[in-house]
1. If I model region 191-239 as equal point scatterers sitting on the Cα atoms and use the Debye formula, what is log10 I(q)/I(0) at q = 0.17, 0.21, 0.27, 0.33 Å⁻¹?
2. Just to be sure I understand: if I project the alpha-carbon convex hull of region 60-154 onto a plane and average over all orientations, what area do I get in nm²?
3. Near the amide H of ALA86, under 5 Å away, which other amide H atoms are found, from residues 5 or more places off or on another chain, if H is placed in the peptide plane?
4. When the Karplus curve 6.51 cos²θ - 1.76 cosθ + 1.60 is applied with θ = phi - 60°, which whole-Hz ³J(HN,Hα) does each residue of region 278-292 get, with x for Gly and Pro?
5. Just need the Rg to Rh number for region 206-267, please, alpha carbons only, Kirkwood Rh.
6. State the antiparallel share, in %, of DSSP beta bridges confined to the chain, rounding to the nearest 5.
7. Measure off 7 Å from each Cα along the Cα-to-Cβ vector at LYS291 and ALA313, then give the distance between these two points in nanometres to one decimal.
8. Out of the DSSP beta bridges found with both residues in region 184-398, what percent are antiparallel (nearest 5)?
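The values are calculated or read from the model by the stated rules, or taken from the named source; none is laboratory data. Keep in mind that this is a model prediction, so the values were computed, not measured. In this analysis, Cβ positions are derived from the backbone assuming ideal geometry, glycine residues included, and neighbour counts consider all displayed protein chains. Heavy atoms of the whole protein, side chains included, go into the accessibility calculation; ligands, DNA and RNA do not. Shrake-Rupley method; radii C 1.70, N 1.55, O 1.52, S 1.80 Å.
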Amino acid sequence: MAEILLGVTGGIAAYKSLDVLRMLQRHGHGVSVVMTHTAERFVGAASFAALSRREVGTTMFGDDDQPGYHHLDVNDGMDLMLVAPASANSIAQMASGMATNLLTSCYLAFRGPVVVAPAMNTSMWLHPATQRNIESLRAFGVHIIEPESGLLADGATGPGRLAEPTVIVDAVESVLRGVSHHGDLAGKQVLISAGGTREPIDAVRFVGNRSSGRMAWALAAAAHDRGAEVTVVQANVDLPREQGITYLDAPTAAEMREVCRAQFPGTDMLIMCAAVADYRPVDQRAGKLDKSAADSLTVQMERTTDILAELSALRDEQVLVGFAAEHGPEGLERARAKRVRKAVDMVVHNDAAVDGAAFEGPDNIITIIGPGDAELALPRMRKRQCADAILDAVLPLVSGGAPVTA
Ligand code: CTP
């Protein structure tokens, strides 16, 4: 169980941090709290002290009013820092490396993983300065828990509401799991395809699909946290990129095939998460199709190469994982058949018809099929948790150990 430093900054959502604290304790973690003076105007330090049964840090100066290294003492022994709620002002200070109070000093001196859950009104959240600061924190490796959309304290509706305590605690748990797995993929080269390819019809139109790239992004982050050298071959993903991960662009099936083939020989593990088009228009028309030319349009399509099957035939020692986003109850059987047909070690099945397992959402419901007859059906989880479960299952194969058990 971990020691967590909970930073509380000023905002109406500060009262929700009491719930977060209690939930973290219920998960068996020890929690120490630091607060800004503005946070104290919303919730008293005494409430946090009573629940945490620990002294609450509010000032850089000790009881004797001597400036010291209080922030270093506070950080001592802490496994993870969580800032919830994080105000626009505290985020700006953290992004620019300012250390004007105990909380921001703790952040600057903190060596472990940091999770930040912003909360503010919609205009402040959407302001380019805040968005830039969030990107800076992401680039520092901070895990951001996106605020939710809803009715805010100022009566407006929009993004900015603090994520629910359960979502915050889930995120903390998955980051902690990443830390506890730390290094188990060290020295391994992991290649992950992401997003959905777009096959051009003319200069402006394409045949595409709804894959957002979130599952692949979660896999890349999880593999990176576990020490792997991660390369993401991405098709049309519009998500923030993480420092330390290599991203290669491959917007069409043909480009994805080319990039994956080029990367494959030096790879220990390929996770083919991208939704690659099965068909593409035979000819890409020059310029833009003119609709006045005809009342109907036939676009002739041809099959693309199955990249996963092709690389499986070329493989040396590489471990191969495929995805199968199926629709309906027979999907699991189709996914099992896909694993055999494509001769891969593992196929991750999800049923896109089930609520909670959709393309764009934060969650997935997966069944990990293989190797052999092994199967692992998992409940609805955050994509990051799914990613860690997939890596846990595949790890024995990469290390040459025992296969996954159901
Ligand atoms: N895939 C691939 N190249 C393609 C199509 C799919 O590498 N041209 C990979 C996907 O990235 C995924 C797996 O194959 O890992 C399964 O994709 P899917 O489209 O579900 O499988 P298909 O073999 O195309 O089967 P279906 O007939 O269901 O479309």
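1. Log10 of I(q)/I(0), two decimals: -0.53, -0.70, -0.95, -1.17.
2. Projected area, direction-averaged: 6.9 nm².
3. Here the answer is ALA117, ALA119, since their amide H atoms fall under 5 Å of that of ALA86.
4. 7, 9, 9, x, 4, 10, 8, 6, 6, x, 10, 4, 9, 6, 6
5. That ratio equals 0.96.
6. Here the antiparallel bridges make up roughly 30 percent for the chain.
7. A separation of 4.2 nm, rounded to one decimal place.
8. Counting only bridges with both partners in region 184-398, antiparallel ones make up about 35 percent.
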